[in-house]
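Written below as structure tokens is the structure these notes are about.
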Amino acid sequence: MHYKLKNMHKIDYRRVRVSVAKNPKTNDLLQYLHSHHIAIHHVRTTKDALQFEIARQHISVLRKARSKYGVKVKLDYLTTDELLPRRFITLISLLCLWLIPIFCNYWIWEIDIQATTPEEKLAIERLVQEEFAAPILKNRLPADQEVRELIMQKFREYSWVHVAKVGSKMTIQPQLAPKNEVQENKDDYYHLIARNSGVITHFDIKSGERKVTPNMTVYKGDTLVSGLMVVGEKQLLIGAVGDVYADYWLESDFVIPQKVQYEVVTEEAWHIAFAKDGLPTEVKSLALPKWLARYVRVVKVETRKKVVETLTEEHIESRILPLLHEKMSQSLPMKSRIKKENLLHIQFEGGKVKGKVLYLINENIAKPYPIH
């Protein structure tokens, strides 16, 4: 029993085409195979030979019959042991397997709109389809800033539109702006609510009861400081006044000329000039007695040189990021600061430098909300 099971695993049913030259002994060869219970398939005759197919495991019996009857036999193995047969169709299949993913990578096949309501999603989908619709080549797709401006101009209720491309998918996620911007009124009492989402870092509160703690994540519209204080069973109306600082991430696109011009200080020197004479590059002056300051001045003058430089990848850390950092700092409110910045993408083309920077900003996110 064990011997039969062992042999069953060695059975080879792969087909072999046998061509037997026509000979008076050909019929004897077939009878010999039949007597050994060998199945013969697809028997056909040609002008010079008899052709049929048998299983590869019966080749040894066929060779004994060939030696016994002296018949010329030609074998054609229909199934080989090669993993990839050397055929033209195999080459075409491999090329398709390699080229199709590369071809698909140049296209955006899906545009996903992540809106808060189905109505908003449908409206944005209609607007996007009027300008571009999937599938679309990536080089024909508008820039992220153009997509953002298109949606924000049409829908004024959005304060920001996040655009992300991952592989062959484009995701558009609009963020609603507060519908009513409440102006501070000293005659009324307010809560302090979150202007946008973030992680609380510290407080500068003059009055009110805190509803959040440091390192806590808050979302747009959450109450940060309450203007009502509970004392026993009573509520005291005190009003919330102060600042609540939080960290949040801000993605910013930039486009700057690749060639920039700036001035470099090459020399500094002290000069004595008449009181009424002005020097264009004066940076510092010495305090003189009033009677002497009426006639002369002692000033420090810089000698500057204009330099034109073409920005490359080598200037990312030394030129581009400091410039973007300064520009972002000037656009933020007072007491805000940039804690970290990550360069997401940059490219040099058409005489311009384009890219994205992700900033970690610490800012006062509290805004007053009236107590009704």
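The values are calculated or read from the model by the stated rules, or taken from the named source; none is laboratory data. What you are looking at is a predicted structure, and each value in this text was computed from that prediction instead of being measured. Heads up, the Cβs are rebuilt from the backbone with ideal geometry, glycines too, and the neighbour counts pull from every protein chain shown. With ligands, DNA and RNA removed, areas are computed over all heavy atoms of the protein, side chains included. Shrake-Rupley method; radii C 1.70, N 1.55, O 1.52, S 1.80 Å.
Quick look at the values:
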| item | result |
| --- | --- |
| Residues (hydrophobic (A, V, I, L, M, F, W, C) and free of Cβ contacts under 8 Å to residues at least 60 places away in the same chain) located in the range 301-346 | VAL301, VAL307, VAL308, LEU311, ILE316, LEU321, LEU332, MET334, ILE338, LEU343, ILE346 |
| Residues of the range 307-337 that turn out to be part of a helix (DSSP H, G or I) and of a type in the set (A, V, I, L, M), as a count | 6 |
| Complete set of residues in the range 108-129 that are open to solvent by 40 Å² or more (accessible area, probe 1.4 Å) and in contact with a Leu (Cβ under 8 Å, 6 or more places away or on another chain) | THR116 |
| Test: residue in the range 180-196 that is open to solvent by less than 80 Å² (accessible area, probe 1.4 Å), at pLDDT below 90 and closer than 17 Å to ILE111 by Cβ | no |
| Residue in the range 289-302 that is modelled with pLDDT of 75 or more, within 26 Å of the chain's Cα centre (by Cα) and part of a strand (DSSP E or B) present | no |
| Total residues in the range 313-328, condition open to solvent by 70 Å² or more (accessible area, probe 1.4 Å) and among the aliphatic types (A, V, I, L, M) | 1 |
| Residue that is least open to solvent (accessible area, probe 1.4 Å) [pool: residues in the range 19-40 that are in a helix (DSSP H, G or I) and among the polar types (S, T, N, Q)] | THR26 |
| The lone exception for LEU344 - which of (1) at positive phi; (2) touching a strand residue (DSSP E or B) at 6+ places or on another chain (Cβ under 7 Å) it fails | (1) |
| Count of the range 72-95 residues which are at pLDDT below 80, in contact with a Lys or Arg (Cβ under 7 Å, 6 or more places away or on another chain) and exposed (fewer than 12 other Cβ atoms within 10 Å of the Cβ) | 1 |
| Close pairs from the range 107-127: first over 12 Å from ILE151 (Cα atoms), partner part of a loop (DSSP other than H, G, I, E, B) and among the aromatic types (Phe, Trp, Tyr), Cβ under 9 Å, at least 6 apart | ILE108/PHE132; ILE111/PHE132 |
| Those strands (runs of 3 or more DSSP E) lying entirely in the range 198-279 with at least 1 residues open to solvent by 60 Å² or more (accessible area, probe 1.4 Å), touching a residue at least 60 places away in the same chain (Cβ under 8 Å) and within 30 Å of GLU309 (Cβ to Cβ) | 241-257, 259-274 |
| Sole exception among (1) closer than 17 Å to LYS169 by Cβ; (2) surrounded by fewer than 15 Cβ atoms within 10 Å (Cβ to Cβ); (3) among the aromatic types (Phe, Trp, Tyr) for TRP98, by number | (1) |
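Per-residue answers, yes or no, for (1) hydroxyl-bearing (Ser, Thr, Tyr); (2) exposed (fewer than 11 other Cβ atoms within 10 Å of the Cβ):
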position: GLN330; (1), (2): no, yes
position: SER336; (1), (2): yes, no
position: ASN342; (1), (2): no, no
position: GLY350; (1), (2): no, yes
position: LYS354; (1), (2): no, no
position: LEU358; (1), (2): no, no
position: ILE361; (1), (2): no, no
position: ALA366; (1), (2): no, no
position: ILE371; (1), (2): no, no
